[in-house]
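*Asks:* To start, I am sharing the structure in question, which I have written as structure tokens.
The values are calculated or read from the model by the stated rules, or taken from the named source; none is laboratory data. Every value quoted in this text rests on a predicted model; they were computed, and no experiment measured them. Here the Cβ positions follow ideal geometry from the backbone for every residue, glycine too, while neighbour counts run over all protein chains shown. Protein only, heavy atoms only, side chains kept; ligands, DNA and RNA dropped before computing areas. Shrake-Rupley method; radii C 1.70, N 1.55, O 1.52, S 1.80 Å.
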Amino acid sequence: AQSVTQLDSHVSVSEGTPVLLRCNYSSSYSPSLFWYVQHPNKGLQLLLKYTSAATLVKGINGFEAEFKKSETSFHLTKPSAHMSDAAEYFCVVRVSGTYKYIFGTGTRLKVLA
Amino acid sequence: GAGVSQSPSNKVTEKGKDVELRCDPISGHTALYWYRQSLGQGLEFLIYFQGNSAPDKSGLPSDRFSAERTGGSVSTLTIQRTQQEDSAVYLCASSPDSSEQFFGPGTRLTVL
């Protein structure tokens, strides 16, 4: 069965320092992977998606993620955190051959001034 | 353009009552999803509809939960005989294909 594991439930970084949110996936097939962000009291928004094209995927707000098949990882990074990045981030895998999505448990990012 | 809308935004009910939650997807989107997000938890898949295919109900937690999608558009999630553990935010999303889901603002359900 396909699944994603977000390795950290909480991450704290200082403003201006790099962000790393970790996600490992489990899939027998070439997966479709996504990162979504949920700001407080706001709806979920797509950050970026990997669908077997380039392994380095660039998203909105300066975020990017790299698909590494050998490590079964799809970590989300940003070179320099901004206060507005404080939110909850979800790694998501689409079940192959379906329109069904499996969400990770989320990582809450805190940005310190 | 209009996004996914959900109503009501908040619902408070008493244990044992039935509730109906509504989702209006983006026009033309063939797929529609329901998720549940409990406090401090990730999103729990409930059900999805894709075109005219039979819905995937594999995430519904009990037979008290049901959903329908009329005319390939509006969807209603019904919870019968609500329990306190049903308290959560219920999220609806729609998608034109398999590339991205567009989420509504959610309905916060509180069961007293």
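*Asks:* Quick check: pseudo-label points 7 Å beyond the Cα along Cα→Cβ at B:S5 and A:H10, how many nm apart are they?
*Replies:* 3.9 nm
*Asks:* With r defined as the distance between the Cβ atoms of A:H39 and B:D63 and R0 fixed at 25 Å, what FRET efficiency is calculated, to the nearest 0.05? Walk me through the numbers on the way to the answer.
*Replies:* Working: r = 35 Å, r/R0 = 1.40.
It comes out at approximately 0.10.
*Asks:* Mean projection of the alpha-carbon convex hull of the protein assembly as shown over all orientations, in nm²?
*Replies:* Details: hull surface 50.7 nm².
Taking the Cα atoms of the protein assembly as shown, their convex hull projects to 12.7 nm² on average.
*Asks:* Please compute the contact order of chain A in relative form: average sequence separation of alpha-carbon pairs under 8 Å and at least six residues apart, divided by the residue count, as a percent.
*Replies:* Numbers: 285 pairs, mean separation 42.1, N = 113.
So the answer I get is 37 percent.
*Asks:* Averaged across A:44-50, how many Cβ atoms of other chains sit within 10 Å of each residue's Cβ atom? Could the numbers behind the result be given before it?
*Replies:* Numbers: counts 11, 3, 5, 0, 0, 3, 0.
Per residue, the average neighbour count from other chains is 3.
*Asks:* I'm a student and want to see the number: the projected area of the Cα convex hull of chain A, averaged over all directions, in nm². Don't jump to the answer; show the numbers that get you there.
*Replies:* Numbers: hull surface 27.1 nm².
The orientation-averaged projected area of the Cα hull of chain A comes to 6.8 nm².
*Asks:* Using the structure shown, list the pairs from A:K69/A:K110; A:K49/A:K100; A:K58/B:K57; A:K78/A:K110 with a Cα-Cα distance above 22 Å, or answer none. Don't skip to the answer; put the middle values down first.
*Replies:* Numbers: A:K69/A:K110 29 Å; A:K49/A:K100 15 Å; A:K58/B:K57 34 Å; A:K78/A:K110 14 Å.
As for pairs spanning more than 22 Å Cα to Cα, those are A:K69/A:K110; A:K58/B:K57.
*Asks:* Tell me, how many Å apart are the Cα centres for region A:14-37 and for region B:34-87?
*Replies:* Centre-to-centre (Cα) distance: 26 Å.
*Asks:* I would also like to ask the following. Could you rank A:H10, A:H39 by how accessible they are, 1.4 Å probe, largest area first? Can you show the working numbers first?
*Replies:* Numbers: A:H10 130, A:H39 50 Å².
Of A:H10, A:H39, the descending order of accessible area is A:H10, A:H39.
*Asks:* Once the piece of chain linking B:Q80 and B:E44 is laid out straight, how much longer is it, given 0.36 nm per residue of separation minus the C-alpha distance between them?
*Replies:* Result: 11.1 nm gained on full extension.
*Asks:* Quantify how strongly other chains surround peptide B:91-99 by giving the mean number of their Cβ atoms within 10 Å of each of its Cβ atoms. The partial results should precede the final answer.
*Replies:* Values: counts 3, 0, 4, 0, 2, 0, 1, 11, 6.
Averaged over the peptide's residues, the number is 3.
*Asks:* Charges on Cβ only, +1 for Lys and Arg, -1 for Asp and Glu, centred on the Cα centroid of chain A; of A:H10, A:L112, A:A54, which one is farthest towards the dipole's positive end?
*Replies:* Value: A:A54.
*Asks:* Step by step: find N for chain B, compute 2.2 N^0.38 Å, then divide the Cα radius of gyration by it. What's the final number?
*Replies:* Working: Rg = 13.2 Å, N = 112, 2.2 N^0.38 = 13.2 Å.
Normalised Rg, Cα atoms only: 1.00.
*Asks:* May I ask for the net charge around B:L109, where only other residues with Cβ less than 10 Å from the Cβ of B:L109 are counted and Lys, Arg are +1 while Asp, Glu are -1?
*Replies:* Details: positive: B:K11, B:R36, B:R108; negative: B:D86.
Around B:L109, the surrounding residues sum to +2.
*Asks:* Name all residues of region A:75-99 having a backbone nitrogen under 14 Å from the label point set 7 Å from the Cα of A:L20 along its Cα→Cβ direction, giving them as ranges.
*Replies:* What the label zone holds, given the 14 Å backbone N cut-off, is A:75-80.
*Asks:* Let me ask something additional. Nearest 20 debye, what's the magnitude of the dipole of chain B about its Cα centre given +1 on Lys and Arg Cβ and -1 on Asp and Glu Cβ?
*Replies:* Details: 10 positive and 12 negative charges, 56 e Å.
Here chain B has a charge dipole of around 280 debye.
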